[in-house]
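Trainee: Submitted below is the structure of interest, expressed as structure tokens.
The values are calculated or read from the model by the stated rules, or taken from the named source; none is laboratory data. Predicted model only: the values in this text are computed from it and were never measured. Cβ placement follows ideal geometry from the backbone for every residue including glycine, while neighbour counts extend to all protein chains displayed.
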Amino acid sequence: MTKGILLAAVLLCAVPGQNKFGNSYLGKAPPELATAKDQWINAAEPVKLGALKGKVVWLEFGFLKCAPCRKMMPIMDRWHKDLSGKGLVIVDVDDGSIDDLDEVQKDAKERGTKYAVLWDKERKNCETYGVEIFPRAYLIGVDGTVIWEGLPNEKIAEIEKLMDAEFAKVKK
């Protein structure tokens, strides 16, 4: 019985237009993030993805109580520390329908997060991107188009290879 339910769930995700992992933007520029200035942590102004052309952008959607999302946090911290000088910009979008702003601010402060965090108050960005399974991430290349998307936890080596290839394109 359990195998049948699992198989049905896998098949449902394989049907075009029925993928609940999130919208696909491979080879395209992703939508801009819709936000108010007061929803950002570690960003003086709202981050505009279009303004980041020429950089490599890691855009990740998650929430604090999500165990797979928590596993990605130290990886994003390491990437920020080691790769921001090469041209990496990290934007972490927190599902505000699950977490309170105070919780997100406290977590960012306690963990010493240095990259931009967006508290998606009414889940507008999660909905725009079709995110229903977390963490969902997009790697945006220097040309402003998505070069990788998906659930990142088991794909770190693949993602880092793609990042390295993009860093070679970053103008110093």
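Trainee: Among the residues of region 33-42, count how many are touching a helix residue (DSSP H, G or I) at 6+ places or on another chain (Cβ under 9 Å), more than 13 Å from Y138 (Cβ to Cβ) and either free of Cβ contacts under 8 Å to residues at least 60 places away in the same chain or part of a loop (DSSP other than H, G, I, E, B) (or both).
Mentor: As a first pass, look at region 33-42 and keep what is touching a helix residue (DSSP H, G or I) at 6+ places or on another chain (Cβ under 9 Å): 33-35, 38-39, 41-42.
Narrowing the set further to residues that are more than 13 Å from Y138 (Cβ to Cβ) leaves 34-35, 38-39, 41-42.
Checking the rest, the ones that are also either free of Cβ contacts under 8 Å to residues at least 60 places away in the same chain or part of a loop (DSSP other than H, G, I, E, B) (or both) come to 34-35, 38, 42.
Number satisfying all stated conditions: 4.
Trainee: Report, by residue number, each residue of region 132-144 that is over 30 Å from A168 (Cβ atoms) and in contact with a strand residue (DSSP E or B) (Cβ under 6 Å, 6 or more places away or on another chain). Spell out the reasoning first.
Mentor: To start, the set of residues in region 132-144 that are over 30 Å from A168 (Cβ atoms) comprises 132-134.
Within region 132-144, just F134 meets the criteria.
For every residue, the table says whether it meets (1) polar (S, T, N, Q); (2) without any contact (Cβ under 8 Å) to a residue 40 or more places away in the chain; (3) farther than 22 Å from L64 by Cβ.
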{"residue": "V91", "(1), (2), (3)": "no, no, no"}
{"residue": "S97", "(1), (2), (3)": "yes, yes, no"}
{"residue": "R111", "(1), (2), (3)": "no, yes, no"}
{"residue": "L118", "(1), (2), (3)": "no, no, no"}
{"residue": "E122", "(1), (2), (3)": "no, yes, no"}
{"residue": "I133", "(1), (2), (3)": "no, no, no"}
{"residue": "I140", "(1), (2), (3)": "no, no, yes"}
{"residue": "V146", "(1), (2), (3)": "no, no, yes"}
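Trainee: Same structure again: Out of curiosity, is V117 within 22 Å of D95 (Cα to Cα), modelled with pLDDT of 95 or more, under 14 Å from the mean Cα position of the chain (by Cα) and not in a loop (DSSP other than H, G, I, E, B)? Walk me through it before giving the result.
Mentor: Details: within 22 Å of D95 (Cα to Cα): yes; modelled with pLDDT of 95 or more: yes; under 14 Å from the mean Cα position of the chain (by Cα): yes; not in a loop (DSSP other than H, G, I, E, B): yes.
Answer is yes for this residue.
Trainee: Any residue in region 50-58 that is assigned to a helix (DSSP H, G or I) and modelled with pLDDT under 95?
Mentor: We begin by selecting, within region 50-58, every residue assigned to a helix (DSSP H, G or I); these are 50-52.
When the remaining residues are screened for being modelled with pLDDT under 95, the result is none.
So far as region 50-58 goes, no, none of its residues is assigned to a helix (DSSP H, G or I) and modelled with pLDDT under 95.
Trainee: Take L101 and decide whether it is under 21 Å from L151 (Cβ atoms) and touching a helix residue (DSSP H, G or I) at 6+ places or on another chain (Cβ under 9 Å). Give the derivation first.
Mentor: Values: under 21 Å from L151 (Cβ atoms): no; touching a helix residue (DSSP H, G or I) at 6+ places or on another chain (Cβ under 9 Å): yes.
No: the conditions fail for L101.
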